[in-house]
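Scroll down for the structure; my scribbles are underneath it.
Derivation of every value follows stated rules applied to the coordinates shown; laboratory data play no part. For clarity, every value in this text was computed on a predicted model and none was experimentally measured. Methodologically, a virtual Cβ is constructed for each residue, glycine included, from the backbone with ideal geometry; neighbour enumeration extends over all protein chains shown.
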Amino acid sequence: MEYYFLDRVPWGDSQSLYHASAYLGREMLIICRPATPYFCLGCHQDARQEIDLDYTRQHGIPLLRREVGGGAVYLDGEQLFYQFILRKDHPGLPASKSDLYSMLLKPVVETYRQFGVAAEFRTVNDIIANGRKVSGNGAAEINNMIILVGNFILDFNYEMMTRVLRVPDEKFRDKVYKSLSENLSTFQRETGSVPATEELAGDLRRRVEALLGPLEEKNSIDTALRRKADERFAEMYTDAWLYENDARKERHPQVKIREGVFVLQKVVKLPGGLVRLTATNQEGRLADVHLSGDFFIYPQSALSSLEQALEGTPLEAAALTAAIQAFYAREGIETPGITPEALAGVFL
């Protein structure tokens, strides 16, 4: 398993390198941080729903949608990323995503504690200290590889994070800022200082080696990895990819179309993330189903298939639950923190 401590890299590399590693089928631990800020969207989110696109354009803030689920986040050099890329059949790697988070985040929690932060793992994929989140984490499956990515939050620009999000009005933005500052913490806030990135990386490396075995240190990015990373970035940093979820279904206001036909729009917060629903109630049956949000679904390519599988399903709790359960069983689906019953409830 290869080990790269890259520290500051071009912002695009902080996303494209781990994607490239997965597509190449190479196991790695990459530790890096972006040299300049950007905003990163979760795989299943709609850019126009989540982000103030005019603001990002006016202020020259790059925006990229990753192939990992979760929510939109502002990223900069005050966050040190750890990026695990492992084969699905890596010895000892659990099949359950919940167990995977617990296993791979254990050394991260221990490193936090080593540097004075009273961190603990909280299901599904959070690390908290004194009741506040101190690390955001997500996982994905690409090319029979498991990816788990997260961050050591050294310090955080709460104002910028809040400013880029799309909200209904400024009063609501103030509430988001207050909630974010109360519930997200940093090394600076918890300890009054920020450790050197080299020290954090070195400590995490030792703990990961104790868990997964020796890591082969690499001092530079080789030609194959560089080529694939550039290829992935060229595909991901496009409007076609960024707005792919927005384009999947036509948007409608929440209105009665005619007798017996209604358009549904709902936003529901579940333990596994926020779920946005747009669908049509066609004489008591579902049509034009569109799901998005900051949740995780494995494999992530299954979301559009789930939408199709629910077409024509009666808008009744039992029927929806049965349809979702059958799809999960048939396709081997996992949605950590979201049960089929809870997902069915979003429609009702």
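Show me the ranking of peptides 30-38, 185-193 by mean Cβ neighbours inside 10 Å, starting with the highest.
30-38, 185-193
Can you tell me the orientation of helix 317-331 relative to the chain, as the angle in degrees between its alpha-carbon axis and the longest Cα principal axis, to the nearest 10?
The answer is roughly 40 degrees.
Which value, in debye to the nearest 20, gives the size of the charge dipole of region 2-238 about its Cα centre, when Lys and Arg are +1 and Asp and Glu are -1 at the Cβ?
In debye, rounded to 20, region 2-238 gives about 300.
Can you pull the one-decimal nm distance between simple spin-label points at F172 and K266, each 7 Å off the Cα toward Cβ?
Result for the modelled spin labels: 1.9 nm.
So which of K106/K175; K178/K218; K88/K178; K88/K266; K133/K266; K106/K171 end up more than 31 Å apart by C-alpha?
Cα-Cα > 31 Å for K106/K175; K178/K218; K88/K178; K88/K266; K106/K171; rest within.
In whole Å and largest first, what semi-axes does the C-alpha gyration tensor of region 74-195 yield when each eigenvalue is scaled by 5 and square-rooted?
28, 18, 12
Stretched out fully, how many nm does the piece from L180 to T339 gain, at 0.36 nm a residue minus the Cα gap?
Computed gain between L180 and T339 is 54.6 nm.
Would you mind getting me the FRET efficiency between T191 and E217? Use the beta-carbon distance for r and R0 = 25 Å, nearest 0.05.
0.35
For A119, what is the net charge nearby, where nearby means another residue's Cβ is under 14 Å from its Cβ and Lys, Arg count +1, Asp, Glu -1?
Charge balance near A119 sits at +2.
In degrees, nearest 10, range 0 to 90: what is the angle between the Cα axis of helix 97-114 and the longest Cα principal axis of the chain?
For 97-114 against the chain, the angle is about 40 degrees.
Give me the tail of P(r) for the chain as a percent: Cα-Cα pairs with distance above 25 Å.
Here the tail beyond 25 Å accounts for 54 percent of pairs.
Using only helices, what value at 222 nm comes out for the chain when you add -39,500 (n - 2.57) per DSSP H run of length 4 or more and divide by the total residues, to the nearest 500 deg cm²/dmol?
-11000 deg cm²/dmol
Could you give the angle, 0 to 90 degrees to the nearest 10, between helix 197-212's Cα long axis and the longest principal axis of the Cα atoms of the chain?
Helix 197-212 sits at roughly 80 degrees to that axis.
Report the one residue of I333, Q265, S98 whose Cα lies farthest in the direction of the positive end of the charge dipole of the chain (charges on C-beta: Lys and Arg +1, Asp and Glu -1; origin at the Cα centre).
Q265
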